[in-house]
Amino acid sequence: MTSTEQSTEPFRVVVFADFVCPYSFLAVDQIDRLAREYDVQPMWRPHWLHPDTPPEGTPGARSPERTERLRAWIKDMAPEHYDRVRIPDKRQYSFRAFEALEFAYDRGLDFAYKTALYDLMWTEGRDIGEPETLAAAAERVGLDGAELKAALEERLYAERALDAVKQAHSIGITNTPTIFLGKTRINGWTYYEVLQSVMDKQGMRPREALASQL
Amino acid sequence: MTIRPQQSYIVDSANAPWKRGVTEGVAFACQVLLSGEDGGPEALRFRFDDCPSVYAHMHLTSQFQLLLAGAMDFPRGVKHLEGLAIHYTDHNMPYGPFAVSQAHDMLVLHPKAGGIISMANHEARREINLGGRLYAAPASQVEWQALPGAEHTSYKLLMPPDFGPAAVVVRAPPHAKLAMPPAEFGRYEVVIEGSAIMEGREIGPPGFRYVRGEDAAEALETGDSGASVAFLTFDRDALEGGITGEGLAVEAAEAMARAI
């Protein structure tokens, strides 16, 4: 292929994240914006940070001091989220949310679903370990909450979710979010301008720029 | 092949003047130990007042931070450092925000002037070194090891041996010679405890020598009470970045000048 030819391969954007990770929450807006501004369809995949967490969660996993430092970090790095973020007082169980994400994927709404679920947890104080929360997120994006609850009850997506977790482990994901933009891997949260630079270096132009060339 | 001249700077930090400063609302005391204005290394010592959030920033050159006392907390990565500790970043590698507490005292060591740029600067974010390295670890997590062939002398590696830049602390009895290989990209040799004779001058903590060149520098000699010396060696990244006189570098240099 010469440098002037267009690749027929879609430009891959994949984010490995855990719903309980605050830095993954801060990446949601960025990846959603990337999907609006560029011709890409990002995939949100699970990386299970705390598999030892029981379904009812782990109270007090983050000390008050750590919570304060995290809030200070958010204030400095992502001030637009500072007033709306609600840091949970317990570490929540995320595996059921991974199952729900698979359910949404099969219905073509996983990308919207993850945003709704992060919002419920990180701005409305809901517990993603509870099926009611997962169902509420489903309803917000037009999925059938009752159907999701039934699927969770029957563990229809447990094996797939576990396979996804194993896949993340097998390719060496160790922190969240880990963002793949085409050939570039970015470990951890970063600024939107960095994502733009990486896209630019790989020849990806925003839709607006492409439209102006027509 | 161009032969660079041997560089050697010796700094007696204990006798350098202090001044108070404030940057972005963060108050500190500072010593300018090497200005970098001659194209050589830049070294600063900071004592930050307790602060829950020193703003995220980057420097346009490689950097060793040697935390001498107090604590630094990096929420992301849940990294807690207490002196003695090392924090290394490549050029244009952002870090922070971080909290400082417990009578913070730190050396900031650059191979050349690096300026400072707040990550609130959106243009700076486009200049981030995506492949940049960052490493941080407290010395207390590393065991002393006996130095083969040197009686009563021990060392600890503060960075993994294959990382690139290197940080090692050597603890030696009185009047021991501490010879190191040439430092092509520059090396700080910081007295942590005791004293060391550097080219005829006895230097106490946290004084240091900076050497750079293709020939080995004269060996340090420990003083009457022995010494612990941290050897902080840059690699090729030290050649990157710097205050080039244009664009972001101008802002970085001005910001550093305002800060100190």
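The values are calculated or read from the model by the stated rules, or taken from the named source; none is laboratory data. Just so you know, these numbers come straight off a predicted model, no measurement behind them. Here Cβ is always computed from backbone atoms with ideal geometry, including for glycine, and neighbour counts include all displayed protein chains. To get the accessible areas, we keep the full protein, side chains included, count just its heavy atoms, and leave off ligands, DNA and RNA. Shrake-Rupley method; radii C 1.70, N 1.55, O 1.52, S 1.80 Å.
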- Task: Name the single residue, out of those in segment B:211-232 being open to solvent by 30 Å² or more (accessible area, probe 1.4 Å) and outside any loop (DSSP other than H, G, I, E, B), that is farthest from residue B:131 (Cα to Cα).
- Result: B:224
- Does residue B:145 qualify as being more than 14 Å from chain A (Cβ to nearest Cβ), more than 20 Å from residue B:218 (Cα to Cα) and polar (S, T, N, Q)? yes
- Is there a residue being within 14 Å of chain A (Cβ to nearest Cβ), surrounded by 21 or more Cβ atoms within 10 Å (Cβ to Cβ) and touching a residue at least 24 places away in the same chain (Cβ under 8 Å) anywhere in segment B:99-113? yes
- Query: For the subset of segment B:114-137 comprising residues that are within 11 Å of chain A (Cβ to nearest Cβ) and either open to solvent by less than 10 Å² (accessible area, probe 1.4 Å) or under 15 Å from residue B:167 (Cβ atoms) (or both), which member is nearest to the chain's Cα centre (by Cα)?
  - Reply: B:134
- Those residues of segment A:155-190 which are open to solvent by less than 10 Å² (accessible area, probe 1.4 Å) and polar (S, T, N, Q) amount to A:178
- Just checking, which of B:30, B:51 is farther than 29 Å from residue B:131 by Cα and within 14 Å of another protein chain (Cβ to nearest Cβ)? B:51
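For every residue, the table says whether it meets (1) of a type in the set (Asp, Glu); (2) touching a residue at least 40 places away in the same chain (Cβ under 8 Å).
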{"position": "B:219", "(1), (2)": "no, yes"}
{"position": "B:222", "(1), (2)": "no, yes"}
{"position": "B:226", "(1), (2)": "no, yes"}
{"position": "B:235", "(1), (2)": "yes, yes"}
{"position": "B:238", "(1), (2)": "no, yes"}
{"position": "B:242", "(1), (2)": "no, yes"}
{"position": "B:246", "(1), (2)": "yes, no"}
{"position": "B:255", "(1), (2)": "no, yes"}
- Taking residue A:65, is it in contact (Cβ under 8 Å) with a residue 24 or more places away in the chain, over 20 Å from residue A:30 (Cα atoms) and either under 15 Å from the mean Cα position of the chain (by Cα) or assigned to a helix (DSSP H, G or I) (or both)? no
- Residues of segment A:87-114 satisfying the condition of being among the aromatic types (Phe, Trp, Tyr) and part of a loop (DSSP other than H, G, I, E, B): A:93
- Query: If you scan segment A:120-132, which residues turn out to be in a helix (DSSP H, G or I) and either under 17 Å from residue A:147 (Cβ atoms) or without any contact (Cβ under 8 Å) to a residue 60 or more places away in the chain (or both)?
  - Reply: A:120, A:131, A:132
- Query: Looking at segment B:188-208, is at least one residue out of contact with any strand residue (DSSP E or B) (no Cβ under 6 Å at 6 or more places or on another chain), outside any helix (DSSP H, G or I), open to solvent by less than 50 Å² (accessible area, probe 1.4 Å) and under 22 Å from residue B:90 (Cα atoms)?
  - Reply: no
- Got at least one residue in segment B:179-186 being outside any loop (DSSP other than H, G, I, E, B) and either in contact (Cβ under 8 Å) with a residue 40 or more places away in the chain or of a type outside the set (Gly, Ala, Ser) (or both)? no
- Would it be correct to say that residue A:19 is modelled with pLDDT of 95 or more, closer than 24 Å to residue A:174 by Cα, part of a helix (DSSP H, G or I) and not polar (S, T, N, Q)? no
- Filter segment A:189-198 for residues that are facing chain B (nearest Cβ under 7 Å) and either out of contact with any strand residue (DSSP E or B) (no Cβ under 8 Å at 6 or more places or on another chain) or in contact (Cβ under 8 Å) with a residue 24 or more places away in the chain (or both) and give the result. A:191, A:193, A:197
- Query: Does residue A:135 fit the bill of being surrounded by fewer than 19 Cβ atoms within 10 Å (Cβ to Cβ), among the aliphatic types (A, V, I, L, M) and free of Cβ contacts under 8 Å to residues at least 24 places away in the same chain?
  - Reply: no
